[in-house]
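Asker: To start, I am sharing the structure in question, which I have written as structure tokens.
The values are calculated or read from the model by the stated rules, or taken from the named source; none is laboratory data. This structure is a prediction, so every number in the text was calculated from the model and none was measured. Cβ atoms come from the backbone with ideal geometry, glycine included; neighbour counts cover every protein chain shown. What goes into the accessible areas is simple: the full protein's heavy atoms, side chains included, and nothing from ligands, DNA or RNA. Shrake-Rupley method; radii C 1.70, N 1.55, O 1.52, S 1.80 Å.
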Amino acid sequence: MSPEPVQTRIFEEEILSVSDVSLSFGGVKAIQNVSFDIKRGEIRAIIGPNGAGKTSMLNVINGFYHPQEGLIRFKGKARRRMRPSIAAAQGIARTFQNVALFKGMSTLDNIMTGRLPRLEKGIFGEIVNVFLQAAYLGPARRSELEQRKYVEEIIDFLEIQHIRRTPVGRLPYGLQKRVELGRALAMEPELLLLDEPMAGMNLEEKEDMSRFIIDVNDQYGTTIALIEHDISVVMDLSDRIIVLDYGRKIADGTPGEVQSNQAVMDAYLGVPHE
Amino acid sequence: MFYREAGQFKTTYKSDQALFPIAQDRYFVIGVVLFAFLVIPFFITDYWANALLLPFLIYALAAIGLNILTGYCGQLSLGTGGFLAVGAYASYKLMTSFPEMNLIVVFLLSGLITALVGIFFGVPSLRIKGFYLAVATLASQFFIVWLFNKVPWFFNYSATGQISVPPREIFGFLVTGPDASPAITYLFTLTLVSIFALLAKNMARGNVGRSWMAIRDMDIAAEIIGIRPLKTKLIAFAVSSFYIGIAGALLFAVWLGSAEPTEAFGIDQSFLILFMIIIGGLGSILGSFMGAAFMVLMPIFLKNFMVDGLGLQPAFSEHVQIMLMGVLIIFFLIVEPHGLARLWQIAKEKLRIWPFPY
């Protein structure tokens, strides 16, 4: 797409490393011996044909699926059993392939839910919190206002001030995707997983979303792993790309390297039968 | 024209997060509360208290409780009658075992005991959803009523199997028992209900409420973004049962005076309160009041209208009233499936721009 070679950014520190991860559901092998790493600050894309195991990979990183084999290190710490709430507390946020907003709530409230995992307390703390919330006293009121302030910054950043009070069910698709990004950002993630952030968007919405992704990466310094089917978007946005096919990694490298990889072309276009 | 927020600017998040950000709403609510506290007690009669206001307030409290669980957290429950019974029997046991205990403490403890029972019956909600959960909570309904019928310790071995409230005072005013004055029982109930309604509203609009609604709207997404489903659901069960328990204690100690589990806390009660929140509006505190008003006051209004207004036979009008209630429920659900509270909200949105269409 871009005629002149884009300047490659260099990243040193590893934020996430996945080694030899395998995941299967009964007889279906969704992911087989996949290893890769994500460096702090980069935009890493995961691409591949349908059913390649991309979303499963995000679910593994996010702690929703538990791989049968393999090791995942996040910020240098190896982990065994995981729960999404732990991953969220460690700084992993995500968006979903099909918009998964809370339809009955306003934009503001939806983004505010993104702050919830940040406020996790122990059982005792939770009980105290319920009472404080009920009375809307002291710490509860203060934390409510602090969160509102943080969320308002995200609302400004994503340019969705006008729909602050609108129930998200009434919003057009493109805006819903943006609100979902806002909810993920509210978690102050270090690693942001985006599952097809541009699926079903028109060109203008795609351009907006690309701009927001670059801005998030740039301004907040957030590491981003994204799944996307629009190859031109992927080539433009990402620093490095992983290509999955049938649960295996078939390529890993800069956009230029991946583009010229024969295995990738075969996976996408098919292998000619002689 | 009069209901318009033009000119009311908010310059801080604090004022924007206020309970009633729109001035007209604020004045209206303050007016209603003042009227309820300062005017009604002077005119209240036995009939008004026992037939209308007490049941309305007590059912409104129970409806808030169920609304927290079903309307906000999305967990369908048919165990309300059972939880009412737990609250009632807890207050009875506390009052008879510790005659010196302050009545407020009795009511709060009854609520807490019911909350514990609610948590216990809420544990299956992690695995069971929707109608199946409703059936699981139905088990609690039948089990609790059976327990209070069969174990004599709960009704202090009384020959009839009934429980009757001993007379108790608070600040020198008799609140429970047959000699309590209607103004005092009304004020006591009103105070508790207003405070707990305010607390419920605060929970619902804060972080706790947001986590409930997240679980309600899409539990898997809520879990993946890091909200813990079990914890959130159990908090909802606990808070909801706490409210229902206090309502049960009020129902028995302040309103009925004596109770027998199968009749006062049967499955009918569970359905009645569920209908209240469906008609009033799921996920709305105001809706709980509206639903309770509709289900409690409407039959009485219809009966009075038919017997006194149209001169029909009481027995005949009884049947017509049941049919009319059914028709009205269907009518309101067709007009607005999201309940009376939503209807009220639409009316307010229309009022804002009146007399212009948009």
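Asker: Within segment B:242-274, can you find the residues that are surrounded by 24 or more Cβ atoms within 10 Å (Cβ to Cβ) and either without any contact (Cβ under 8 Å) to a residue 12 or more places away in the chain or within 13 Å of chain A (Cβ to nearest Cβ) (or both)?
Answerer: Result: B:F242, B:Y243.
Asker: What tally of residues in segment B:289-338 results from selecting those that are free of Cβ contacts under 8 Å to residues at least 40 places away in the same chain and either in a helix (DSSP H, G or I) or touching a Lys or Arg at 6+ places or on another chain (Cβ under 6 Å) (or both)? Steps first, answer last, please.
Answerer: Of all residues in segment B:289-338, those free of Cβ contacts under 8 Å to residues at least 40 places away in the same chain come to B:298-299, B:301-328, B:330-331, B:334-337.
If we keep only those that are either in a helix (DSSP H, G or I) or touching a Lys or Arg at 6+ places or on another chain (Cβ under 6 Å) (or both) as well, we get B:298-299, B:301-309, B:314-328, B:330-331, B:334-336.
So the answer is 31.
Asker: Next up: Could you list all residues from segment B:228-276 that are assigned to a helix (DSSP H, G or I), of a type in the set (D, E, K, R) and touching a helix residue (DSSP H, G or I) at 6+ places or on another chain (Cβ under 9 Å)? Explain how you work it out, then say what you get.
Answerer: First, the residues of segment B:228-276 that are assigned to a helix (DSSP H, G or I): B:229-256, B:261-264, B:267-276.
Within this subset, residues satisfying the condition of being of a type in the set (D, E, K, R) are B:231, B:233, B:263, B:268.
B:K231, B:K233, B:D268 - these are the residues of segment B:228-276 that are assigned to a helix (DSSP H, G or I), of a type in the set (D, E, K, R) and touching a helix residue (DSSP H, G or I) at 6+ places or on another chain (Cβ under 9 Å).
Asker: Being open to solvent by less than 10 Å² (accessible area, probe 1.4 Å) and either modelled with pLDDT under 90 or closer than 15 Å to A:I224 by Cβ (or both) is the filter; apply it to segment A:186-203 and report the residue that is nearest to the chain's Cα centre (by Cα). Let's see the steps before the verdict.
Answerer: Taking segment A:186-203 first, the residues open to solvent by less than 10 Å² (accessible area, probe 1.4 Å) are A:186-187, A:191-195, A:197-198.
Retained after the next criterion (residues that are either modelled with pLDDT under 90 or closer than 15 Å to A:I224 by Cβ (or both)): A:187, A:191-195, A:197-198.
Details: A:M187: 12, A:L191: 7, A:L192: 4, A:L193: 1, A:L194: 3, A:D195: 6, A:P197: 9, A:M198: 12 Å.
Applying the filter and picking the extreme gives A:L193.
Asker: If a residue has to be open to solvent by less than 10 Å² (accessible area, probe 1.4 Å) and in contact with a Ser or Thr (Cβ under 9 Å, 6 or more places away or on another chain) to count, how many in segment A:245-255 make the cut?
Answerer: Counting residues in segment A:245-255 that are open to solvent by less than 10 Å² (accessible area, probe 1.4 Å) and in contact with a Ser or Thr (Cβ under 9 Å, 6 or more places away or on another chain) gives 1.
Asker: A further question on this structure: Please find, within segment A:87-111, the residue that is most open to solvent (accessible area, probe 1.4 Å) out of those that are at the interface with chain B (Cβ under 8 Å from one of its Cβ atoms) and aliphatic (A, V, I, L, M).
Answerer: The first filter runs over segment A:87-111 and keeps only residues at the interface with chain B (Cβ under 8 Å from one of its Cβ atoms), leaving A:87-89, A:93-94, A:96, A:100-105, A:109.
If we keep only those that are aliphatic (A, V, I, L, M) too, we end up with A:87-89, A:93, A:100-101, A:105.
Values: A:A87: 0, A:A88: 6, A:A89: 65, A:A93: 1, A:A100: 6, A:L101: 1, A:M105: 2 Å².
In this case the residue turns out to be A:A89.
Asker: Looking at segment B:205-238, which of its residues are more than 7 Å from chain A (Cβ to nearest Cβ) and open to solvent by less than 30 Å² (accessible area, probe 1.4 Å)?
Answerer: Correct list: B:G209, B:W212, B:I215, B:A222, B:P229, B:T232, B:K233, B:A236, B:F237, B:A238.
Asker: Then there is this: Considering every residue within segment B:181-194, establish whether at least one is away from chain A (no Cβ under 14 Å), among the small types (G, A, S) and open to solvent by 10 Å² or more (accessible area, probe 1.4 Å).
Answerer: Yes.
Asker: Another question about this same structure. Step by step: first the residues of segment A:50-64, then only those that are part of a loop (DSSP other than H, G, I, E, B) and within 13 Å of another protein chain (Cβ to nearest Cβ), then the one that is most open to solvent (accessible area, probe 1.4 Å). Which residue is that? Steps first, answer last, please.
Answerer: Taking segment A:50-64 first, the residues part of a loop (DSSP other than H, G, I, E, B) are A:50-53, A:62-64.
Still in the list and also within 13 Å of another protein chain (Cβ to nearest Cβ): A:62-64.
On the way: A:N62: 1, A:G63: 1, A:F64: 59 Å².
If we take residues in segment A:50-64 being part of a loop (DSSP other than H, G, I, E, B) and within 13 Å of another protein chain (Cβ to nearest Cβ), then A:F64 is most open to solvent (accessible area, probe 1.4 Å).
Asker: When you go through A:R142, A:R165 one by one, which is the residue that is part of a helix (DSSP H, G or I), within 22 Å of B:V208 (Cβ to Cβ) and open to solvent by 70 Å² or more (accessible area, probe 1.4 Å)? Talk me through it step by step, then tell me what you get.
Answerer: Values: A:R165 fails: part of a helix (DSSP H, G or I).
After ruling out the rest, the residue left standing is A:R142.
Asker: Scan segment A:265-274 and give yes if some residue there is out of contact with any Lys or Arg (no Cβ under 8 Å at 6 or more places or on another chain) and among the small types (G, A, S), otherwise no. Please lay out each step first, then the result.
Answerer: Restricting attention to segment A:265-274, the residues satisfying the condition of being out of contact with any Lys or Arg (no Cβ under 8 Å at 6 or more places or on another chain) are A:265-274.
Cutting the leftovers down to among the small types (G, A, S) gives us A:267, A:270.
Checking segment A:265-274: at least one residue is out of contact with any Lys or Arg (no Cβ under 8 Å at 6 or more places or on another chain) and among the small types (G, A, S).
Asker: Oh, and also: Given the structure, is A:I38 within 13 Å of chain B (Cβ to nearest Cβ), open to solvent by less than 40 Å² (accessible area, probe 1.4 Å) and touching a residue at least 24 places away in the same chain (Cβ under 8 Å)?
Answerer: Details: within 13 Å of chain B (Cβ to nearest Cβ): no; open to solvent by less than 40 Å² (accessible area, probe 1.4 Å): yes; touching a residue at least 24 places away in the same chain (Cβ under 8 Å): yes.
Judged against the criteria, A:I38 is not a match.
Asker: I'm told B:T137 meets every condition in (1) within 14 Å of B:T70 (Cβ to Cβ); (2) touching a residue at least 60 places away in the same chain (Cβ under 8 Å); (3) surrounded by fewer than 14 Cβ atoms within 10 Å (Cβ to Cβ) except one. Can you identify the failing condition by its number?
Answerer: With respect to (1) within 14 Å of B:T70 (Cβ to Cβ); (2) touching a residue at least 60 places away in the same chain (Cβ under 8 Å); (3) surrounded by fewer than 14 Cβ atoms within 10 Å (Cβ to Cβ), B:T137 is out only on (3).
Asker: I've got another one for you. Could you tell me whether segment B:124-146 includes any residue that is more than 23 Å from the chain's Cα centre (by Cα) and closer than 16 Å to B:G87 by Cα?
Answerer: yes
Asker: Another question about this same structure. Could you tell me whether B:S284 is open to solvent by less than 40 Å² (accessible area, probe 1.4 Å), over 25 Å from B:L190 (Cβ atoms) and of a type in the set (S, T, N, Q)? Write out each step before concluding.
Answerer: Details: open to solvent by less than 40 Å² (accessible area, probe 1.4 Å): yes; over 25 Å from B:L190 (Cβ atoms): no; of a type in the set (S, T, N, Q): yes.
It is false that B:S284 is open to solvent by less than 40 Å² (accessible area, probe 1.4 Å), over 25 Å from B:L190 (Cβ atoms) and of a type in the set (S, T, N, Q).
Asker: Does segment B:1-55 hold any residues that are in a helix (DSSP H, G or I) and among the acidic types (D, E), and which are they? Outline the logic, then answer.
Answerer: As a first pass, look at segment B:1-55 and keep what is in a helix (DSSP H, G or I): B:13-16, B:23-43, B:46-55.
Scanning segment B:1-55 gives B:D16, B:D25, B:D46.
Asker: Pairs, please: C-beta under 7 Å, at least 6 apart or cross-chain, first residue outside any loop (DSSP other than H, G, I, E, B) and surrounded by 15 or more Cβ atoms within 10 Å (Cβ to Cβ) and in segment A:65-81, second of a type in the set (S, T, Y) and modelled with pLDDT of 90 or more?
Answerer: A:G70/A:S19; A:G70/A:S22; A:R73/A:S17
Asker: Could you grab me the full set of residues in segment B:156-175 that are touching a residue at least 24 places away in the same chain (Cβ under 8 Å) and surrounded by 13 or more Cβ atoms within 10 Å (Cβ to Cβ)? Show your work before the answer.
Answerer: So the first thing to find is which residues in segment B:156-175 are touching a residue at least 24 places away in the same chain (Cβ under 8 Å), and the list is B:156, B:160-166, B:168-170, B:175.
The answer is B:G161, B:Q162, B:I163, B:S164, B:V165, B:R168, B:E169, B:I170, B:V175.
Asker: Is at least one residue of segment B:39-58 at pLDDT below 95, loosely packed, with under 13 Cβ neighbours inside 10 Å and among the small types (G, A, S)?
Answerer: No, segment B:39-58 contains no residue that is at pLDDT below 95, loosely packed, with under 13 Cβ neighbours inside 10 Å and among the small types (G, A, S).
Asker: Next question. A:N129 - would you say it is more than 8 Å from chain B (Cβ to nearest Cβ) and in a helix (DSSP H, G or I)? Talk me through it step by step, then tell me what you get.
Answerer: Numbers: more than 8 Å from chain B (Cβ to nearest Cβ): no; in a helix (DSSP H, G or I): yes.
In short, no.
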